[in-house]
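Notes for the one structure printed next.
The values are calculated or read from the model by the stated rules, or taken from the named source; none is laboratory data. Because the structure is a prediction, the values reported are computed rather than measured. Every residue, glycine as well, gets a Cβ built from its backbone with ideal geometry; the counts of neighbours run over all protein chains shown. These area figures cover heavy atoms from the full protein model, side chains too; ligands, DNA and RNA do not enter into them. Shrake-Rupley method; radii C 1.70, N 1.55, O 1.52, S 1.80 Å.
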Amino acid sequence: MSGPVAVKRITPAWSYKPGPDVSDTPPPGLVRAQALARQACAVGLAALEPGMTEQDIDLVVSDFLARNGIEHVWTITVVGLGENAKVCFPTNGPGAMKAAERDVLMLDVHPITPDGSWGDCTRCRVLGDYPEARTALADLERIHAKTLDSCRPGMPAKELFGFCHELLVADGFVLLDLLGNIGHSLTAGAAYLHNFIDAGNDAPMWGAWAIEPFASRDDIAVKVEDLVWFGRDTCTVI
C-alpha cells in the first residue's frame, strides 16, 4: 500500500499587505493578469463588425482567454452595445443585442490566471461615422489619464473620487455607475475588500485599485478602466 502523496499548496502569485509597508512595485503575477485583460479587450474590440451580437464578442474574448491559459474569470465579461452600453454591472450579461452601423461597444474583462492573480480592464470602441461618440470617448480618456496622474500612495479613496468627479461634471458628463463610484479595490481572490472609490470612502489606497470612470454625455455612454498599484512610495499604472 502506497504512502500519502505530497501535495504542494497552490497560492496566489501576490499577496496584499495593507498599509505603507506594501511593496513599492506591482507583483509580477498581477502585471501578467492585467496584460492579458488588456489584450483580451483589444481582441474583442478589433473583432467588432455591424450585426455582431454581444454574445459573439463574449465568445471572441473567451476564445482568446482560453488560448492563453485562462480557465476562469472572477466575474462575467460585460459586453454592452447600444442601450446596453449604459449599464456595466455583473448582472447584465452578454445578450442578443446586435451592433448597429453607428454604435459604441463597451467591454469589461476579468481574467484569473493559473497562479491566482486577478485582472480587470475596460475599453470602448466607436463603430461607424459617429463623431459625437468619438469625442465623448476621447474626453473621458483624457479625464481618466488625469485621474491616474493624480494618484499618490495612501491617499483616501474619496479624494480621488472627488478629483475625477469634478472633471467629469466640468466636461458635461453624468456618472453612470449604479453604486456611484469610479472604481474599487482589488486583491488576488477578492474585489471590493476595501470598498469603492466613492464620495464616502475614507480608506487609504494601498495595493491594487481599479479606476474606471463610467459616464454619459448627450446620451452616449463611455467607460475606460485600468489598474493602479499604490506602492509604498510610488503609484504604477499596470
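Among residues that are out of contact with any helix residue (DSSP H, G or I) (no Cβ under 7 Å at 6 or more places or on another chain), touching a residue at least 12 places away in the same chain (Cβ under 8 Å) and loosely packed, with under 14 Cβ neighbours inside 10 Å, Pro20 is included. Report yes if some residue within segment 84-96 is touching a strand residue (DSSP E or B) at 6+ places or on another chain (Cβ under 6 Å) and more than 25 Å from His184 (Cβ to Cβ); otherwise report no. Within segment 84-96 (the criterion being touching a strand residue (DSSP E or B) at 6+ places or on another chain (Cβ under 6 Å) and more than 25 Å from His184 (Cβ to Cβ)), the answer is yes, since at least one residue qualifies.
So for segment 109-126 (the condition being over 16 Å from the mean Cα position of the chain (by Cα), more than 19 Å from Arg38 (Cβ to Cβ) and not in a loop (DSSP other than H, G, I, E, B)), does at least one residue qualify? Checked segment 109-126: no residue is over 16 Å from the mean Cα position of the chain (by Cα), more than 19 Å from Arg38 (Cβ to Cβ) and not in a loop (DSSP other than H, G, I, E, B). Scanning segment 166-189 for any residue that is closer than 27 Å to Ala42 by Cα, assigned to a strand (DSSP E or B) and among the aromatic types (Phe, Trp, Tyr) turns up nothing. Annotation: Asn92 fulfils all but one of (1) outside any loop (DSSP other than H, G, I, E, B); (2) open to solvent by less than 70 Å² (accessible area, probe 1.4 Å); (3) without any contact (Cβ under 8 Å) to a residue 24 or more places away in the chain; the unmet one is (1). For Pro90, are the conditions met, namely being on the phi < 0 side of the Ramachandran plot, touching an Asp or Glu at 6+ places or on another chain (Cβ under 6 Å), at pLDDT below 95 and not acidic (Asp, Glu)? Taking the combined requirement at face value, the residue does not satisfy it.
Taking the listed residues Ile76, Ile57, the one that is assigned to a loop (DSSP other than H, G, I, E, B) and in contact with a helix residue (DSSP H, G or I) (Cβ under 9 Å, 6 or more places away or on another chain) is Ile76, with no other qualifying.
Criterion first (within 30 Å of Glu71 (Cα to Cα), part of a loop (DSSP other than H, G, I, E, B) and either open to solvent by 10 Å² or more (accessible area, probe 1.4 Å) or not basic (Lys, Arg) (or both)) does Leu193 satisfy it? So Leu193 fails the test.
Search segment 138-152 for residues being outside any loop (DSSP other than H, G, I, E, B) and of a type in the set (D, E, K, R), and hand back the single one that is surrounded by the fewest Cβ atoms within 10 Å (Cβ to Cβ). Result: Asp149.
Looking only at residues in segment 23-36 that are open to solvent by less than 10 Å² (accessible area, probe 1.4 Å) and among the small types (Gly, Ala, Ser), the one that is modelled with the lowest pLDDT is Gly29. Just one residue in the set Leu59, Leu81 is touching a strand residue (DSSP E or B) at 6+ places or on another chain (Cβ under 9 Å) and at pLDDT 95 or above; that residue is Leu81.
Condition check: at pLDDT 95 or above, surrounded by fewer than 17 Cβ atoms within 10 Å (Cβ to Cβ) and polar (S, T, N, Q). Does Thr53 satisfy that? Criteria met by Thr53. Answer with yes or no whether Thr11 is among the β-branched types (Val, Ile, Thr), closer than 26 Å to Glu141 by Cα and modelled with pLDDT under 95. Taking the combined requirement at face value, the residue does not satisfy it. Listed by first and then second residue, the pairs linking a residue in segment 195-221 that is more than 21 Å from Leu107 (Cβ to Cβ) to a residue that is open to solvent by 50 Å² or more (accessible area, probe 1.4 Å) and among the polar types (S, T, N, Q), with Cβ atoms under 7 Å apart and 6 or more places separating them unless they lie on different chains, are Asn201/Asn195; Ala203/Asn195.
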